[in-house]
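Taking it in order: structure first as structure tokens, then the write-up.
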Amino acid sequence: MPIQVVGLGVDSEALPDLHSGVIDGAEVLVGGKRQLVMFEDHPAVKIAITAPLESVFADIAAHDGAGRDIVVLADGDPLFFGIGTRLVDEFGPDGVHFYPNITSLQAAAARAKVPWHEVVCVSLHGRDDYVPLYNALRMRNWVAILTDDRNIPAAIAQRLLDKGAEWFSMWVFENLGSEDEHFDRYPLAKAATKSFSRLNLVLLERKGNPEHPLALGTMDDAYISDKGLITKWPVRAAGLAALRLAPDNVLWDLGAGSGSLGIEACALLQAGEVYAVERNGNRVGMIRENRKRFGALALEVVHGTLPACLKELPDPHRIFIGGGLGKDGALLDVVCPRLRPGGRLVVHCVLLGTLERCRRYLAEQGWAVDITMIQSSVSVPLAGDLRMEGQNPVYIIAAEKPGGA
């Protein structure tokens, strides 16, 4: 007989008769400690779900091999960020049978009177990776978050405030389905200072938009920069094209300056992230302000000196060097080994010496190198008409690390 997996919904006292009958017939009940307490008078053998799951699965398999009727209890719906997927992976599709129920997201959407098919859900339960949340917030108006004891509503609100995402408000749903259920909507600044029940779900609602849309080819004057020192938009667009970003890539933007290239890269990274590294404190502040202006939440600002500050960063799929290359190969000696196989390195430079030094270094590593010179002209007013003003030529060195699939 397949393992029966029963969703308890948000109110275990209001289970459908079918679900209750399955639980009543169980010889072995498997669930979290809180769920098992709800059925403490049940005569079945109890197995608490604790880490590591492998030992729990071994106990389930032993009882299954003995022919006992096993029921696994799950909050909400077992296949909505629940244990259901792991059970299918462990025992196969034919080895489990599901009894679905109302999810916490469905219940919260009903309270907020929001069509829940318009809500994307991100789980921070047992996770420290906020990148899926940041990318979801860039593209969606409603984002639900499954929390845990570390990623509590106040901590999430503060993270968003630190990123400058002031255009969202936060709904917090506490103790859904119980007698002390409570929910309300808060500005992020208020939510960051409040305490909530351990049992909660967060729903973020877009109330506005960043100052500028996140898009390729943004005019240079939309960015705050240090005395106009910024990668000009035609060169920026060519550099992004040379990177050939995939949606889930990790990009290092080294010597980020105003952060313009890394910020526009976020428009292409639906599931990726950018680390903008800059030594100058004033420019670091500009990157943070530009991130807020454009809502590039998946961009992390790293204030430090190259290459020492790179040690704790995840290995990148792409590296862009717009500044800080130096007069020797010391930086390349550090970053090239960190680049993942098949990854791409793009360097912008204006000096012939830097061009040749970088080309020679990469050729010695056996990397295929492409060089493009961009010299763009932009229109400027003159005597009631327009003239074309030439910009400085920039060399774009693009190389691919061998070993990719």
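The values are calculated or read from the model by the stated rules, or taken from the named source; none is laboratory data. If you're wondering where the values come from, they're calculated on a predicted model, not measured in any experiment. Note: ideal-geometry Cβ built from the backbone for every residue, glycine included; neighbour counts use all protein chains shown.
For the range 53-90, enumerate the residues that are within 30 Å of the chain's Cα centre (by Cα) and more than 25 Å from residue 12 (Cα to Cα).
Scanning the range 53-90 gives 54, 89, 90.
Can we say residue 112 is more than 18 Å from residue 3 (Cα to Cα) and in the same structural domain as residue 146 (by TED's automatic domain parsing)?
On the way: more than 18 Å from residue 3 (Cα to Cα): yes; in the same structural domain as residue 146 (by TED's automatic domain parsing): yes.
Yes.
Could you tell me which residue of the range 347-405 is surrounded by the fewest Cβ atoms within 10 Å (Cβ to Cβ), considering only residues that are of a type in the set (D, E, K, R) and within 35 Å of the chain's Cα centre (by Cα)? Spell out how you get there, then give the answer.
First pass over the range 347-405, keeping only residues of a type in the set (D, E, K, R): 356-357, 359-360, 364, 370, 385, 387, 389, 400-401.
Filter once more, so that each one left must be within 35 Å of the chain's Cα centre (by Cα): 359, 370, 400-401.
On the way: 359: 17, 370: 11, 400: 18, 401: 21.
Among those residues, the one meeting the criterion is 370.
Out of the helices (runs of 4 or more DSSP H) lying entirely within the range 1-119, which hold 2 or more residues that are closer than 25 Å to residue 148 by Cα? Step through it out loud before you land on a result.
Numbers: elements: 17-24, 33-38, 53-65, 84-91, 104-112.
Of the helices (runs of 4 or more DSSP H) lying wholly inside the range 1-119, those with at least 2 residues that are closer than 25 Å to residue 148 by Cα span 33-38, 53-65, 84-91, 104-112.
When the residues of the range 138-159 are filtered to those that are touching a residue at least 40 places away in the same chain (Cβ under 8 Å) and assigned to a helix (DSSP H, G or I), which remaining residue is surrounded by the most Cβ atoms within 10 Å (Cβ to Cβ)? Steps first, answer last, please.
Keep residues of the range 138-159 that are touching a residue at least 40 places away in the same chain (Cβ under 8 Å), which gives 138-147, 149, 152-154, 156.
From the residues that got through so far, the ones that are assigned to a helix (DSSP H, G or I) too are 138-139, 153-154, 156.
On the way: 138: 20, 139: 10, 153: 25, 154: 18, 156: 22.
Residue satisfying both the conditions and the ranking: 153.
Does residue 264 fit the bill of being of a type in the set (D, E, K, R), crowded, with 23+ Cβ neighbours inside 10 Å and either without any contact (Cβ under 8 Å) to a residue 24 or more places away in the chain or closer than 25 Å to residue 217 by Cβ (or both)?
yes
Name the single residue that is nearest to residue 339 (Cα to Cα) among those in the range 222-249 being of a type in the set (A, V, I, L, M) and part of a helix (DSSP H, G or I). Steps first, please.
Within the range 222-249, the first condition is being of a type in the set (A, V, I, L, M), and the residues that meet it are 222, 224, 229-230, 235, 237-238, 240-243, 245-246.
Subsequent filtering for residues that are part of a helix (DSSP H, G or I) retains 222, 235, 237-238, 240-243.
Working: 222: 31, 235: 23, 237: 22, 238: 21, 240: 17, 241: 18, 242: 16, 243: 13 Å.
Going through the qualifying residues, I end up with 243.
Please determine whether any residue of the range 122-137 is part of a loop (DSSP other than H, G, I, E, B), touching a residue at least 40 places away in the same chain (Cβ under 8 Å) and out of contact with any Asp or Glu (no Cβ under 7 Å at 6 or more places or on another chain).
no
Output the residues belonging to the range 276-314 that are free of Cβ contacts under 8 Å to residues at least 60 places away in the same chain and within 20 Å of residue 210 (Cα to Cα).
Listed by number, the residues that qualify are 276, 284, 285, 287, 299, 300, 301.
Can you pull out every residue in the range 302-321 that is under 11 Å from residue 252 (Cβ atoms) and either assigned to a loop (DSSP other than H, G, I, E, B) or acidic (Asp, Glu) (or both)? Steps first, answer last, please.
Residues of the range 302-321 that are under 11 Å from residue 252 (Cβ atoms), as a first pass: 302, 306-307, 309-310, 313-321.
Of everything in the range 302-321, those that are under 11 Å from residue 252 (Cβ atoms) and either assigned to a loop (DSSP other than H, G, I, E, B) or acidic (Asp, Glu) (or both) turn out to be 306, 307, 313, 314, 315, 316, 317.
Is it true that some residue in the range 370-387 is in the same structural domain as residue 242 (by TED's automatic domain parsing), more than 24 Å from residue 265 (Cβ to Cβ) and assigned to a helix (DSSP H, G or I)? Show your work before the answer.
From the range 370-387, those in the same structural domain as residue 242 (by TED's automatic domain parsing) are 370-387; that's our starting set.
If we keep only those that are more than 24 Å from residue 265 (Cβ to Cβ) too, we end up with 377, 379-387.
Now restrict to residues that are assigned to a helix (DSSP H, G or I): none.
No - not one qualifying residue is present in the range 370-387.
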